[in-house]
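Scroll down for the structure; my scribbles are underneath it.
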Amino acid sequence: YADRFVAALAGPFAIGGRTIQFGASVGVAVPPPATFTPQDLLDAADRALYRAKESGRGCWRAEPEH
């Protein structure tokens, strides 16, 4: 679903009589066993987002990597 989300944000969009286009990077956290805390999930999503940003706009990455 992350690829569809990134594609939907790619635009272009008509806003206030102007055409605007932007890109997005998305980080996805895939929760492991029940021992994972909410903070662990946020940290994993943050790591994935930074990896996506390093790859350039219009990318998404998951943590842990699959």
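Based on the mean of other beta carbon atoms within 10 Å per residue, what is the order of 36-43, 50-57, most packed first? Walk me through the numbers before you get to the answer.
Details: 36-43: 11.5, 50-57: 14.1.
Per-residue Cβ counts within 10 Å, averaged per peptide and sorted highest first, yield 50-57, 36-43.
What are the radius of gyration and Dmax of the chain, computed over its Cα atoms and given in Å?
14.5, 50
Would you work out the relative contact order for the chain, in percent, from Cα pairs under 8 angstrom that are 6 or more residues apart?
Details: 103 pairs, mean separation 23.3, N = 66.
Worked out over the chain, it gives 35 percent.
How large is the charge dipole for the chain, taken about the Cα centre, if only the Cβ atoms of Lys, Arg (+1) and Asp, Glu (-1) carry charge, to the nearest 20 debye? Please list the in-between numbers first.
Numbers: 7 positive and 7 negative charges, 77 e Å.
About 360 debye.
Against the longest principal axis of the chain, how steep is helix 38-55, in degrees 0 to 90 to the nearest 10, with axes from Cα atoms?
Relative to the chain, helix 38-55 is tipped by roughly 50 degrees.
Please report, as a whole percent, how much of the solvent-accessible surface of the chain comes from carbon and sulfur atoms (probe radius 1.4 Å).
58
Between Ile15 and Arg47, what length comes free when the chain is fully extended (0.36 nm per residue of separation minus the Cα-Cα distance, one decimal in nm)? Display every interim value, and only then the final one.
Details: separation 32, 0.36 × 32 = 11.52 nm, distance 3.22 nm.
Extending this stretch completely gives an extra 8.3 nm.
The values are calculated or read from the model by the stated rules, or taken from the named source; none is laboratory data. Remember, predicted model here, so these are calculated numbers, not experimental data. Heads up, the Cβs are rebuilt from the backbone with ideal geometry, glycines too, and the neighbour counts pull from every protein chain shown. Remember, those area values only see protein heavy atoms, side chains included, never the ligands or the DNA or RNA. Shrake-Rupley method; radii C 1.70, N 1.55, O 1.52, S 1.80 Å.
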